[in-house]
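Notes for the one structure printed next.
The values are calculated or read from the model by the stated rules, or taken from the named source; none is laboratory data. This is a predicted model, so every value here is computed, not measured. Don't worry about glycine lacking a Cβ; one is built from the backbone with ideal geometry, like all the others, and counts go over all protein chains shown. The protein model used for the area step is the full one, side chains on, heavy atoms only, and it has no ligands, DNA or RNA in it. Shrake-Rupley method; radii C 1.70, N 1.55, O 1.52, S 1.80 Å.
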Amino acid sequence: MMLPYFIIIPLLAAFLITLIGGKRDIWGIALSMIATAALLIMSLVSFLQLRGETIVYEMGNWQLPLGIALVMDSLSGFMLIIVSLVALTSVVYSIQYVRHLGQDFKYYALFMFMLTGMNGVILTGDIFNLFVFMEIALFAAFALVAYGCRAEEYEAAFKYAIMGAVSSTLILIGIGVLYSATSTLTMARIAQAIPGLPSQIVLWIGGLFLAGFGLKAAAMPFHAWLPDAHSSAPAPISSMLSGVLIKVLGIYAIIRLFFNVFDAPSAFLTIFIVIGSASILISGFLAIIQWDFKRLLAYSSISQIGYILLGMGLATPLAILGAVFHLFNHAIFKSLLFYDAGSVELALGTRDLQKLGKLGKLLPVTSGTSIIASLAISGIPPFNGFFSKLIIILAAIAAGQPVLALLAILGSILTLAAVMKIQRYGLRQDVDVAPVEKIGLGMNIAMILLAVICIVGGLLIAPGIREVALDPVVNVILEKAEYVQMVLGR
Amino acid sequence: MTVYLLCFALFLVGLYGVLAKRDLIKIILSIGIMGYAANLFLILFGYKRGATFPILTGANPGPMVDPLPQALVLTSIVIELGTTALLVALVVRLFQKYGTFDIAKIRRLRG
Amino acid sequence: MNKTGMTLIVKTVTRITVWMILLYGFYIILHGHLTPGGGFGGGVILALALLNVLLAYGRDYTGKWLNIPLLEHVESASALLFLVVGFLGIVVAGSFLANFLSKGQLFAILSAGTIPLLNIIIGFKVAMSLFLVVWVLAGIKMSKGDAV
């Protein structure tokens, strides 16, 4: 029974860091490294042990209708692996990057709080508990966005915090309506009660949740805060926010609620398709016109979230497979691209693409990994991004929606254009640049590790591995009755 | 029904403040008003006319109001407290950097 | 008598009432499992007692009267204690935060298992957090724009 430890370990690390942190950051680094490494090992082990089963852990020995349960199925395990993987590389990367902002243990404590919140959102089986953990993750994220103490960062954090507060209020009202309609907060029991409700109430609640979690996921009409927040934060935090936070708080919550609890009403699937296509196209164009390295990447995040939403909206097994696989891939290569942007910023003191150049000589690791990540994100064959985008496009064709397939291809071309802009100006431009600082071993290790996963990540879809890694996740998303059965009927 | 509508009106007041006001402090207050409206909404769901408070006092206590929304609201109040403290800290820092509370003048991020 | 802070009347009243407010806060915390209130409510009352002193006497005097770094440590330590109690639940009773003490008699002060213990821990955590938030905010100098 490892379930509560996924929440206890980061929480314990966070409070230990604040207690014994002292003046320097050494305890923060040590404890957060241990915690994230332990989480990664535990998540891998527990995912492999699951084999498509569902584990239910009742907190405080309270039986399920009364108490709060932690639920771990393949989807949760899959998300936990992604979170732990990106978190571990992010901590390794932070060691040098954050020293440059000042030696402080608070960064690591906040980082661990964010991890606590995300793991809690992934594991909880209670809808209000999900809300509380989401707020924990968001608070830490607000503070971490403002960590650099520059005017732009405060501005971005304020915008993010206002958006977060508004969306949380909407979600809270949705939870209230849901509770008054079903008299329970346990998600599996809500799922049992949903078919007996008038369809208008489901639409209202779904609308509130879609607006609330859509704001967290930064899908197209709700995206305004993301480019500011993700480009202003310190680079390892940008990669956590773009790589996993928007997916855990936005996409994961949407999958859990709309597929497992609401049983995927067709009206919402259409909305997902519309939002997803809008995100792919509009932010694809917006990404191309950016000159700020991290801002470009932030817009491209919205576009990739669009792919995931598109795959979920199609809701065929193949499309869901593509969406889940793309979720994993995007976490990897977008984190890698943000690491690259951060090391460019650290080494050259700027992230304006017009002022960069000759990175191939100055920063060989950064430029090499950024080429890999760029090819992966734009869907060039041997890398992981190709397979997930291909599956989504094939699923769109198979579902009789060739227009959407064309749109996905167009979005891929737009992404290619955006990342080629990075490569063209970052590597080939003949500008004299003066390196400010050397990139240390830790940052390089983090980047190389993620680049290797980018290359071998395509293997997840290979027959033999796919049955273990991705198919159980797709089953969980599609089999609503099974979720209820697994959680309640034991 | 009237109370729910009034509660919704309170929510709209808060939303209007967030969207239309230019002063950072007023925006924070509007966020607070939205939160109060949501909390009131939750409490109203658990309310029952003529019922007692949900504490077991005797053998036959009669109808009680639903305690669960109250627990939810307590948690949500704590969360709002955190949000407000964080927003106030950010506003103080923004004032130090820009010398103004006017959101129209705090616009370094664009595009 | 130091010159900062409010007038002598306010200071004298605060000096007397702060102990009463603290006592009331502890009362609410200790009876959390019997009456409305509990760790959070009582903790807020404790924090307000300290904030009264901060308002009446000013930040410098309060900083000398209270050991602020100690309060910070109490805050982190109480959170850790909460986790320890939860962890004891795993060890003794098999589930996180499970009750491992005797439930006692209904409406007795020493009853309800681990709940009074957790209430006390939460009370300290809330009191320290709330007080320190205002303490930190009160310490920021509102100097005008240095980056425009």
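Starting from the amide H of A:Ala315, placed 1.01 Å from N in the peptide plane, find each other amide H under 5 Å away whose residue is 5 or more places distant or on another chain.
Hits under the 5 Å cutoff: A:Ile320.
Once fully extended, how much extra length lies between C:Lys103 and C:Val136, figured as 0.36 nm per residue of separation less the alpha-carbon to alpha-carbon distance?
Full-extension gain reported as 7.8 nm.
Excluding ligands and nucleic acids, what accessible area in Å² is computed for C:Phe96 using a 1.4 Å probe, to the nearest 10?
Near enough 20 Å² of accessible area.
Averaged over peptide B:30-39, how many Cβ atoms belonging to another chain are found within 10 Å of each residue's Cβ? Please list the in-between numbers first.
Details: counts 3, 7, 1, 0, 7, 5, 1, 2, 9, 4.
Mean partner shielding for this stretch: 4.
Can you work out the Karplus-derived ³J(HN,Hα) for every residue in region C:29-35? Use 6.51 cos²θ - 1.76 cosθ + 1.60 with θ = phi - 60°, whole Hz, and x for glycine or proline.
With coefficients 6.51, -1.76 and 1.60, one gets 5, 5, 9, x, 8, 10, 10 Hz.
Between A:Arg99 and A:Lys358, what is the FRET efficiency for a Förster distance of 25 Å, r being their Cβ-Cβ separation, to the nearest 0.05? All intermediate terms of the calculation are to be shown ahead of the outcome.
On the way: r = 26 Å, r/R0 = 1.04.
For R0 = 25 Å, the calculated efficiency reads 0.45.
Does region C:41-114 come out rounded, prolate or oblate by the C-alpha gyration tensor, with a ≥ b ≥ c the root eigenvalues, rounded set by a/c under 1.5 and, if not, prolate when a/b is larger than b/c and oblate if not?
In terms of gyration-tensor shape, oblate.
Which one, B:Leu42, B:Pro63, B:Leu94, projects farthest toward the positive side of the charge dipole computed for chain B from Cβ point charges (K/R +1, D/E -1)?
Value: B:Leu94.
Report ³J(HN,Hα) in whole Hz for each residue of region C:119-128, in order, from the Karplus equation J = 6.51 cos²θ - 1.76 cosθ + 1.60 where θ = phi - 60°; Gly and Pro get x.
4, 5, 4, 5, x, 5, 4, 5, 4, 5
Total accessible area buried between chains A and B, 1.4 Å probe, in Å² to the nearest 100? Spell out each step's value before the answer.
On the way: alone 17690 and 8460 Å², together 23130 Å².
Buried surface at the A/B interface: approximately 3000 Å².
Which of A:Ile273, A:Met1, A:Val431 sits farthest toward the positive end of the charge dipole of chain A, with +1 on the Cβ of Lys and Arg and -1 on the Cβ of Asp and Glu?
A:Val431
So how exposed is A:Asp104, as accessible area in Å² (1.4 Å probe, rounded to 10)?
40
If you rank A:Cys149, A:Cys454 by how much accessible surface each has, with a 1.4 Å probe, what is the order from largest down?
A:Cys149, A:Cys454
Starting from the residue with the highest accessible area, list A:Leu459, A:Leu488 in decreasing order, probe 1.4 Å.
A:Leu459, A:Leu488
Summing +1 for each Lys or Arg and -1 for each Asp or Glu, what net charge is found among the other residues whose Cβ lies under 13 Å from the Cβ of B:Asp23? Show your work: numbers first, answer last.
Values: positive: B:Lys21, B:Arg22, B:Lys26, B:Lys105; negative: B:Asp102.
Within the 13 Å Cβ shell, the charges total +3.
Could you give me D for chain A, from Stokes-Einstein at 37 °C and 0.692 mPa s, where the hydrodynamic radius is the Kirkwood radius over C-alpha pairs? Units µm² s⁻¹, please.
This corresponds to a translational diffusion coefficient of 147 µm²/s.
Under a point spin-label approximation (7 Å from Cα along Cα-to-Cβ), what is the C:Leu70-A:Val403 distance to one decimal in nm?
Output for this residue pair reads 7.2 nm.
For region A:1-141, what does the alpha-carbon gyration tensor say about shape, rounded, prolate or oblate, given a ≥ b ≥ c as the root eigenvalues, a/c under 1.5 as rounded, and a/b over b/c as prolate?
Prolate, because a/c is 1.5 or more and a/b exceeds b/c.
For region A:148-488, give the magnitude of the charge dipole about the Cα centre (Cβ charges: +1 Lys/Arg, -1 Asp/Glu; no others), in debye to the nearest 20.
Dipole of region A:148-488, to the nearest 20 debye: 280 debye.
Once phi is turned into ³J(HN,Hα) by the Karplus curve 6.51 cos²θ - 1.76 cosθ + 1.60 with θ = phi - 60°, what whole-Hz value does each residue of region A:301-309 show in order, with x for glycine and proline?
Those phi angles translate into 4, 4, 4, 6, 4, x, 4, 5, 5 Hz.
Quick one: if you stick a label point 7 Å off each Cα along the C-beta vector at A:Ala37 and A:Glu482, how many nm between them?
Label-label distance for A:Ala37 and A:Glu482, simple model: 3.6 nm.
Apply the a/c threshold of 1.5 to the C-alpha gyration tensor of region A:368-490 and tell me whether it is rounded, prolate or oblate.
oblate
Using the Kirkwood radius over C-alpha pairs as Rh, can you work out the diffusion coefficient of region C:8-139 via Stokes-Einstein at 10 °C, viscosity 1.306 mPa s, in µm² per second?
100
Quickly work out the B:Thr2-to-C:Thr7 label distance, labels modelled 7 Å from Cα along the C-beta direction, and quote it in nm with one decimal.
Distance between label points: 4.4 nm.
Let me spell out the model: positive unit charges on the Cβ of Lys and Arg, negative unit charges on the Cβ of Asp and Glu, origin at the Cα centre of region C:8-139. What dipole size does that give, in debye rounded to 20?
Details: 6 positive and 3 negative charges, 42 e Å.
The dipole of region C:8-139 has a size of about 200 debye.
Using amide H atoms built in the peptide plane, which far-off residues or other-chain residues are under 5 Å from B:Met64 H to H?
B:Thr52
Evaluate peptide B:41-51: per residue, the Cβ atoms of other protein chains within 10 Å of its Cβ; return the mean as an integer.
The shielding value for this peptide is 2.
Efficiency by 1/(1 + (r/R0)^6): what FRET value for B:Met64 and C:Thr17, r their Cβ-Cβ distance, R0 = 35 Å, to the nearest 0.05? The partial results should precede the final answer.
Details: r = 35 Å, r/R0 = 1.01.
Plugging the Cβ-Cβ distance into 1/(1 + (r/R0)^6) gives 0.50.
If you add up the charges near C:Ser129, with Lys and Arg at +1 and Asp and Glu at -1, over every other residue whose beta carbon is less than 13 angstrom from its beta carbon, what do you get?
Result for the neighbourhood of C:Ser129: -1.
Please work out how much accessible surface A:Arg189 shows to a 1.4 Å probe, ignoring ligands, DNA and RNA, in Å² rounded to 10.
Answer for A:Arg189: close to 90 Å² accessible.
Can you give the net charge of the other residues whose Cβ lies under 15 Å from the Cβ of A:Lys438, counting K and R as +1 and D and E as -1?
0
Can you give the extra length, in nm with one decimal, that the chain gains between A:Leu269 and A:Gln63 once fully stretched, where that is 0.36 nm per residue apart less the Cα-Cα distance? Intermediate results must be reported in sequence, preceding the final value.
On the way: separation 206, 0.36 × 206 = 74.16 nm, distance 3.42 nm.
That pair, A:Leu269 and A:Gln63, stretches by 70.7 nm at full extension.
Quick one: order C:Phe87, C:Phe131 from most to least accessible surface, probe 1.4 Å.
Highest to lowest solvent-accessible surface, that is C:Phe87, C:Phe131.
Magnitude of the Cβ-charge dipole of the protein assembly as shown, K/R +1 and D/E -1, about the Cα centre, nearest 20 debye?
The dipole magnitude comes to about 1500 debye.
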